[in-house]
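Have a look at the structure below, then the notes.
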Amino acid sequence: MFVLERFEDAIAVGLSSISIDLAIGGRFQIAKTLSNIGHAYAKLGDLPRSLAYMKRAREAHERYDDQDARADTLLCSAGILLEAGDVDAAHALCADASALIAMTGSVYDMIHERNVRGLLARARGDIQGALANASEARQLAESQGLMSYHAYATAIEAASRVDAGEVHTGVLLARTALGAVEASSSEYGIEVRDLCCAALQKGAPASAGDAYHRAAMHVRQVAGYIRDARLRALFLERTVVQRILAAEAEGPAAGHDPLRRGEMA
């Protein structure tokens, strides 16, 4: 459900899983489930509820000494805080995750960490740092066959290369990432489209209008999956969603850097 961007359904499945755990007196991966629910609420735009679930997930990892997906919980929390505009708190959680990954050696978590670090670097105006992290994540994800992480890393690198003046490479990467998420489902589908459209707007403006139109169609499709009116309204208020819809409405000139400093909230 999560990969299909049916986030409201993912929450329902997660809550059912917790109910089963409580009914049988178990705690099977309850921290991971709480984290998944929190991440889904973030995708729906309900950041306060999302952060509350992520806090509960981190506490559950501690309380039950549950190390499974602990680094992932920290990194997801960091990504949510970054969207909320709290770059410093996001950086702190990313550092905690890095320490865990250094011990576990998980390549999956390492790729996730590099993506988050790439986004953090972009938020701070460190384009070279963003490039280094995204490029490493892209190559690692490709070697592991992790499509969603690969598309996200490619999009981060695309936007960063255009920013760095490497327009041709950035545009090629943006088109590659767009093709990947348009051909298959990804939980980062909206974020990838946002970054890639911004890269095209700067590097190949003639093709940006069509890319924004396709991205807006996808956003409306995801909104159509949301039955709860409150959650649908929150989803449509997400900054990343509003950027895409506004750019489609206003034309190619409306596109701009989705992670420029001061525009994270």
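Values in this text are rule-based calculations from the coordinates and carry no lab data. Please read these numbers as outputs of a predicted model, since none were measured by experiment. Using ideal geometry, Cβ is built from the backbone for each residue, glycine included, and neighbour counts are taken over all protein chains shown.
Just a few scattered comments:
- Among 199-209, 109-119, sorting by the average number of other beta carbon atoms lying within 10 angstrom of each residue, highest first, gives 109-119, 199-209.
- Cα-based shape type of the range 37-115, given that a ≥ b ≥ c are square roots of the gyration tensor eigenvalues and the cut on a/c is 1.5: oblate
- Residue of Leu47, Leu34, Leu234 that the Gaussian network model of the chain assigns the largest fluctuation, springs spanning Cα pairs under 10 Å: Leu234
- Comparing Cα centroids, the range 232-246 and the range 1-58 end up 22 angstrom apart.
- Taking a span of 27 Å or more along the helix axis (Cα atoms) and a mean Kyte-Doolittle hydropathy of at least -0.5 as the rule, the DSSP H helices of the chain that qualify are 205-224.
- Candidates Arg227, Arg214, Arg138, ranked by Gaussian network fluctuation over the chain, Cα under 10 Å, top entry: Arg227
- Other residues whose C-beta falls under 10 angstrom from the C-beta of Tyr41 contribute a net charge of 0, scoring Lys and Arg +1 and Asp and Glu -1.
- Separation of alpha-carbon centers, the range 86-105 and the range 142-170, rounded to whole Å: 22 Å
- Using a Gaussian network model of the chain in which every pair of alpha carbons under 10 angstrom is joined by a spring, one finds that among Gly79, Gly145, Gly125 the greatest mean-square fluctuation is at Gly145.
- At 1.306 mPa s and 10 °C, Stokes diffusion of the chain via Kirkwood alpha-carbon radius, µm² per second: 86 µm²/s
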